[in-house]
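J.: Below is one structure. I have some questions about it.
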Amino acid sequence: MRSLARVNTHTRKQTMTLAPSPLYTRSRAEHARRKAVIAGGVNSNVRLAGTPVPLTIARGSGALLWDVDDNVYIDYAAGMGPMVLGHAHPEVTNAVQQSLATGQLFAGQNQLEAEFAETFVGVLPWVESIRLGMSGTEMDLLAVRISRATTGRTKVVRFTGHYHGWLDPLFVNMGVTPEPMGAVPLTAGQSAAAAADVILCDWNNIEQVDRALESGDVACVLMEPVMCNSGLIQPAPGYLEAVKKLCNQHGALFIIDEVITGFRLGLTGAQGALGIHGDISIYAKAIASGFPLAVLGTTTDLLASVGRGEVNHAGTYNTGVSSVAAGIATLRVLIDSDPYPEMARLTQRLADGLRRLASDTDINLAVDYIGGSLCQTRFGKPDPVTSLADHVANSDPDLLGRFLEALQDHGVRPTSRGLWFVSAAHDDALIDKTLEAAGQALAQL
Ligand SMILES: Cc1ncc(COP(=O)(O)O)c(C=O)c1O
């Protein structure tokens, strides 16, 4: 057991001499138990990356997590993004508790759906009409389907390093591509035919988008507005505008996937912050505090084909009452309390503090921070990276892995790829403790 007050009593050097680490005894036992009946002991392959063992978390509250060994963590993984208000936010918990008494699924609409949709549309000026689903993956696929139905074309232009879910048509190679290229499936068992409709481009390279669109038959261009799935990389000045212009010229739809950035970079997400919007926008993670809710938002015209039933969108669990209740409560708190300036201030403090710690050592820890409440740690040049190739050349995955493991031993838990999410529940005292732990982690590398 490690309490926050004692985070510095257990060093990585000690864990290396003690094998297996006594910090994670119960997590190891839980993992072994699950592994006997659950493939790999996890239910999302991303969680296989947990070291020295995928942790079993007992509970979360605010910005803190407790694992089954009673270790306390300052949480920056935020459930991979959704916990923008922190864990078990009282207003969300209350709304969900009240909703449970009404039942969950009616094979019909519920009374909360209109309120959620009106609130959502009220925040984002470029969204007139929405459809709700359960995950970012499926809403990205719905966006592609609407694009194909609208344009009568097939191909999807997307970008290496970006992620749009794990299903066959969009889960394609994430590596650096020197030229627009055909997609290569990323996983065993994937349909090469489904992936073949994707043309991959290098992000922040407008010539490649131009050439891909010139090749014809492109229904849509799909991107994260800020690359968050392979480093944290800003669009180059004018890039989004240039892509939008090319889409208009070629009659392709511009789909902006705000699954990470939506309601996180600010209330109006990346599109609000950058002053540009696409034809279709996708939101998930931060809109419902960890409950399964995702949104496709666009114009009434573009969604009309779905409303008429010509473009199919379905799902047994869509708009379960508790998810919609969580969504309304989350949006209400975000709108009413406007936590964004404070989250940005704390994230800036975190980024500056980490950079300062690194400058006191000869370790080349770099922190990419672009505003909002997320930042990326990597080991490479300190200047911001501008492309996937630049990110790859300036990242040392082994060193990052060791840093993250040492941080975890000291009670700090960013995501397994070095992306940090700050929530409305973090405060200066937690940032101070985080920096203290980071200093100790760096000293052990
Ligand atoms: C940008 C982006 N799009 C889509 C997805 C897929 O969302 P989900 O995991 O809800 O299916 C993710 C997941 O991390 C994402 O980061």
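The values are calculated or read from the model by the stated rules, or taken from the named source; none is laboratory data. Everything quoted here is computed from the prediction, not taken from an experiment. Backbone-built Cβ (ideal geometry, glycine too); neighbour counts: all protein chains shown. These area figures cover heavy atoms from the full protein model, side chains too; ligands, DNA and RNA do not enter into them. Shrake-Rupley method; radii C 1.70, N 1.55, O 1.52, S 1.80 Å.
J.: Roughly how big is region 139-272's charge dipole about its Cα centre, with Cβ charges of +1 (Lys, Arg) and -1 (Asp, Glu), in debye to the nearest 20?
T.: 260
J.: Could you grab the relative contact order for region 202-298? Cα pairs under 8 Å, six or more apart, rounded to a whole percent.
T.: About 23 percent, as a whole number.
J.: Check VAL412: other-chain or 5+ apart residues with amide H under 5 Å from its amide H, H built from backbone geometry?
T.: Those qualifying (amide H under 5 Å, at least 5 residues apart or on another chain) are ILE74.
J.: Return a whole-number percent for the relative contact order of region 105-337, with Cα pairs under 8 Å and 6 or more residues apart as the contact set.
T.: Result for region 105-337 is 26 percent.
J.: How big is the chain on each of its three principal axes, counting only the C-alpha atoms and giving the largest first in Å?
T.: 62, 55, 45
J.: Oh, and also: Enter the angle in degrees (range 0 to 90, nearest 10) between the Cα long axis of helix 340-359 and the first principal axis of the Cα atoms of the chain, meaning the one along which they spread out most.
T.: Helix 340-359 sits at roughly 50 degrees to that axis.
J.: Could I have the simple spin-label model distance between ALA39 and LEU167, label points 7 Å from Cα toward Cβ, reported in nm to one decimal?
T.: 1.7
J.: Hey, another quick one. Give the calculated FRET efficiency between ALA107 and GLU310 to the nearest 0.05, with a Förster radius of 25 Å applied to their Cβ-Cβ distance.
T.: Step by step, r from the Cβ atoms, then E = 0.70.
J.: Hey, another quick one. Top to bottom by accessible area (1.4 Å), largest first, where do THR160, THR56 land?
T.: In descending accessible area the options line up as THR56, THR160.
J.: Using θ = phi - 60° and the Karplus curve 6.51 cos²θ - 1.76 cosθ + 1.60, what whole-Hz ³J(HN,Hα) does each residue of region 391-399 get, with Gly and Pro shown as x?
T.: 5, 4, 5, 10, 9, 10, x, 5, 5
J.: Which of rounded, prolate or oblate describes region 384-445 when judged by the alpha-carbon gyration tensor and an a/c cut-off of 1.5?
T.: Taking the square roots of the gyration eigenvalues as a ≥ b ≥ c, region 384-445 is oblate.
J.: Using a Gaussian network for the chain with springs between C-alpha atoms less than 10 Å apart, which of these wobbles most: ALA329, ALA107, ALA344?
T.: Among ALA329, ALA107, ALA344, the largest GNM mean-square fluctuation belongs to ALA107.
J.: Now a separate question. Roughly what % of DSSP beta bridges within the chain run antiparallel, to the nearest 5?
T.: 65
J.: Modelled label-to-label distance, LEU186 and SER215, 7 Å Cα→beta-carbon offset: nm?
T.: A separation of 1.9 nm, rounded to one decimal place.
J.: Then there is this: Starting at 0 and stepping by 10 Å, how many percent of the alpha carbon pairs of region 105-337 end up in each bin?
T.: 8, 34, 37, 18, 3, 0
J.: Once the dipole of region 364-435 is set up with Lys and Arg at +1 and Asp and Glu at -1 on Cβ about the Cα centre, which of LEU399, TYR369, SER423 lies farthest towards its positive end?
T.: Final value for the positive-end residue is LEU399.
J.: Average the reciprocal distances over every distinct pair of alpha-carbons in region 43-146, invert the result, and give the Kirkwood radius in Å.
T.: Kirkwood hydrodynamic radius for region 43-146: 17.1 Å.
J.: Using a Gaussian network model on the chain with a 10 Å cutoff between Cα atoms, which of SER44, SER305, SER416 fluctuates the most?
T.: Taking springs between Cα atoms under 10 Å, the residue moving most is SER44.
J.: DSSP loop GluC sites (Glu not before Pro) in region 95-165 with at most 12 other Cβ atoms within 10 Å of their Cβ, which ones?
T.: none
J.: Search the structure for amide H atoms under 5 Å from the amide H of PHE263, placed 1.01 Å from N in the peptide plane, and list their residues when 5 or more places away or on another chain.
T.: GLY269, ALA270
J.: By average Cβ neighbour count within 10 Å, what is the ranking of 222-232, 312-322 from highest down?
T.: 222-232, 312-322
J.: With θ taken as phi - 60° and the coefficients 6.51, -1.76 and 1.60, list the Karplus ³J(HN,Hα) couplings across region 143-152 in order, rounded to whole Hz; mark glycine and proline as x.
T.: Using θ = phi - 60°, the values come out as 4, 5, 5, 4, 4, 5, 5, 6, 9, x Hz.
J.: Right, here's the next one. At 1.4 Å probe radius, can you tell me the per residue accessible area of region 187-298 in Å²?
T.: For region 187-298, the per-residue accessible area is 29 Å².
J.: Just how large is the dipole of the chain about the Cα centre, in debye to the nearest 20, putting +1 at every Lys and Arg Cβ and -1 at every Asp and Glu Cβ?
T.: I would put it at about 1120 debye.
J.: Quick one: with all protein chains in place, what share of the accessible area of the chain is carbon or sulfur, to the nearest percent (1.4 Å probe)?
T.: Carbon plus sulfur share of accessible area: 54 percent.
J.: Report D for region 282-406 in µm² per second (integer): Stokes-Einstein, Kirkwood Rh on Cα pairs, 10 °C, 1.306 mPa s.
T.: 87
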